[in-house]
Ligand SMILES: C[S@@+](CC[C@H](N)C(=O)[O-])C[C@H]1O[C@@H](n2cnc3c(N)ncnc32)[C@H](O)[C@@H]1O
């Protein structure tokens, strides 16, 4: 295990923490990001809780990376690709700018290094005022001189204005080195509570996407799926009404996602116990609903893909 930090005191405390935890000592190297790591050193796992705060100047090492805007997080993500061994994972907490006239998702997609798949989850967005106040408070600046507080506040807003920043996103970035030429990059917003820890969920996410990538629609209909553990169905509508207004599938595990499904989606999920192929299930649903099975086989794969991607259904190998 190798760990880097620009602050020698942080390295010293890391050594102490490792010793107290009874785990083997790590190779602790002083320097910025990957600078202390040789180009030929590859890792199975790279993690960082970086100094991601987007701020004017580099006043506080624990949070200000000393690069402009969100450049520190971008650099970390981009340079991680080269340091990951085949199949290796990188996981970072990060902040990113929401710039006027730019799609934040496109910004993040552009950070993903070649040869890597990515799963990026935006957990929270704060406007520039909320963000400035949060970090001024975090540093205790609100308890100091009022004029100094105002000056710092103004400098922060001026910096955001100069960069065209309207808001700041906070979230998780996971990379997996697949080496493939068709990377799978998911950038999404999910601000609801999740089940921690999420390690197994992260690994399963990439495995499900591998499965989807390897199966075109015809192969998908031949494949079998199982409803993930802990998924329940909720029906919403007027009391006493014959049919619900809508049906929601909800996960009680992992990302704890919820998604609306139509009759076909709900029926498909309900029957998916891994014994019948997706195509055979759709044929049975078509018969029940009096629909043309060919048309149903034609239009349903995209819905199945979404349910698999989001972890409601798991491929059976
Ligand atoms: C948010 S703290 C995280 C501390 C600790 N690793 C943890 O997760 O609890 C960010 C750390 O990054 C360090 N740091 C700041 N700039 C850095 C850089 N350019 N390269 C490496 N580390 C840096 C700081 O000294 C600080 O220890």
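So, in the stretch 9-30, how many residues would count as being surrounded by 12 or more Cβ atoms within 10 Å (Cβ to Cβ), free of Cβ contacts under 8 Å to residues at least 24 places away in the same chain and over 15 Å from residue 62 (Cα atoms)?
2
Within the stretch 60-69, count every residue that is surrounded by 14 or more Cβ atoms within 10 Å (Cβ to Cβ) and near the ligand (Cβ under 7 Å from one of its atoms).
Adding up the residues that qualify gives 4.
Being within 11 Å of the ligand (Cβ to nearest atom) and not in a loop (DSSP other than H, G, I, E, B) is the filter; apply it to the stretch 13-59 and report the residue that is nearest to residue 136 (Cα to Cα).
Step by step, filter the stretch 13-59, then rank; the result is 52.
Yes or no: the stretch 61-81 includes at least one residue that is closer than 30 Å to residue 200 by Cβ and in a strand (DSSP E or B).
For the stretch 61-81, residues closer than 30 Å to residue 200 by Cβ and in a strand (DSSP E or B): absent.
Determine if the stretch 130-149 includes at least one residue that is assigned to a helix (DSSP H, G or I) and in contact with a strand residue (DSSP E or B) (Cβ under 6 Å, 6 or more places away or on another chain).
Let us first name the residues in the stretch 130-149 that are assigned to a helix (DSSP H, G or I), namely 130-138, 141-143, 146-149.
Checking which are in contact with a strand residue (DSSP E or B) (Cβ under 6 Å, 6 or more places away or on another chain) leaves us with 131.
Checked the stretch 130-149: at least one residue is assigned to a helix (DSSP H, G or I) and in contact with a strand residue (DSSP E or B) (Cβ under 6 Å, 6 or more places away or on another chain).
Output the strands (runs of 3 or more DSSP E) that fall wholly within the stretch 178-274 and possess 2 or more residues being assigned by TED's automatic domain parsing to the domain that holds residue 113, or say none.
Numbers: elements: 185-189, 224-227, 231-236, 246-251, 258-261.
Qualifying strands (runs of 3 or more DSSP E): 185-189.
Please work out which one of (1) under 30 Å from residue 178 (Cα atoms); (2) touching a residue at least 12 places away in the same chain (Cβ under 8 Å); (3) not assigned by TED's automatic domain parsing to the domain that holds residue 170 is the condition residue 76 fails and give its number.
(3)
Yes/no matrix, rows are residues, columns are (1) buried (at least 19 other Cβ atoms within 10 Å of the Cβ); (2) modelled with pLDDT of 95 or more:
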position: 158; (1), (2): no, yes
position: 164; (1), (2): no, yes
position: 172; (1), (2): no, yes
position: 180; (1), (2): no, no
position: 195; (1), (2): no, yes
position: 200; (1), (2): no, yes
position: 207; (1), (2): no, yes
position: 222; (1), (2): no, yes
position: 228; (1), (2): yes, yes
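The values are calculated or read from the model by the stated rules, or taken from the named source; none is laboratory data. Keep in mind it's a predicted model, so treat the numbers as computed, not measured. Please note: Cβ atoms are built from the backbone with ideal geometry, for glycine as well, and neighbour counts cover all protein chains shown.
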